[in-house]
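**Student:** Got a structure for you, written out below as structure tokens; questions coming shortly.
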Amino acid sequence: MCTDRRIGWEFLNPGAGYGGSCFPKDVRALVSQAEAVGGDTRILKTIDEVNERQKAVMPRKVLAHFEGDVRGKKIAVWGLAFKPGTDDIREAPSITLIESLLNGGAEVSVHDPEAMKNIEAIFGDQITYHDEKYAALKACDALVVMTDWEEYKDWILASCCGTAMAMLYSMAAIASTGTGSLSQTRTSTASAKNHYDRTTVGRKRQRVKARLRTPPTPKPSWHNPSKPLSS
């Protein structure tokens with residue numbers, strides 16, 4: 001499916017659930033319209049239900065990591081918009097995560113290149129906002145990456161060579177407190193990315209992307225599928 005230009009890598013990355021102003025609303029609208037004419041909406045309803053359950057996955061993972069108790073823990077969240085390249089937070093999975101952390105008694109610090117003002121309109125001074133992503137990590141116990149902005153991807157590669165949108169990191173294992181550790185994480189990014197590019201997965205992706213960039217073979221001038229061949 002990744003080799004299909006209509007789908008590609010961009011639409012097959014795992015994540016914490018879809019959001020935004022279109023897809024959730026459109027799925028529910030289809031359910032309503034289908035039910036109005038007596039249509040079977042089981043698949044559409046299941047899509048919406050599964051997506052809502054998916055939004056609860058990251059809160060459960062954080063809670064499980066801290067053995068069921070996040071009280072007094074400081075959790076950093078990178079990525080607030082429902083997708084990169086926008087400040088739109090409508091039905092974003094990050095909202096579900098932040099609400100769960102606050103309800104559990106955790107302290108939350110966040111960073112997003114575009115969407116922090118919109119999140120601030122919801123949570124106000126309940127959470128801490130940072131214009132620089134590494135500043136959000138200071139004194140944190142864990143980091144959750146919720147949106148795959150480009151500026152986060154190199155850090156993800158440095159951490160675990162992953163590509164998933166929603167990921168949980170223990171800061172004790174990666175970048176604990178203090179600017180020295182955070183600086184070390186920054187400088188390790190380039191070498192880790194180079195290592196990833198040399199791996200089997202990295203080479204495979206490069207081959208697939210090269211095929212996607214290759215123009216299709218032109219058809220012969222006599223080729224006309226609608227015209228039958230003469231006997």
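**Student:** Between their Cα atoms, which of Lys83/Lys138; Lys83/Lys153; Lys55/Lys83; Lys25/Lys83; Lys133/Lys153; Lys73/Lys117 are more than 20 Å away from each other?
**Tutor:** In this structure, Lys83/Lys138; Lys73/Lys117 exceed 20 Å between Cα atoms.
**Student:** Can you put Lys153, Lys74 in order of Cβ neighbours within 10 angstrom, beginning with the fewest?
**Tutor:** Lys153, Lys74
**Student:** Mind giving me the FRET efficiency for Met1 and Glu67? R0 is 30 Å, r the Cβ-Cβ distance, nearest 0.05 is fine.
**Tutor:** E(calc), rounded to 0.05, equals 0.20.
**Student:** Same structure, new question: Near Gly68, within a Cβ-to-Cβ distance under 13 Å, what is the net charge of the other residues, with Lys and Arg +1 and Asp and Glu -1?
**Tutor:** Net of charged neighbours comes to +2.
**Student:** If you stretched the chain out fully between Ala121 and Asp26, how much longer would it get, using 0.36 nm times the residue separation minus the C-alpha to C-alpha distance?
**Tutor:** 31.7 nm
None of the figures in this text is laboratory data; all of them are computed from the coordinates on show. No experiment lies behind these values; they were computed from the predicted model shown. When we count neighbours, we look across all protein chains shown, and the Cβ atoms used for this are built from the backbone with ideal geometry, even at glycine.
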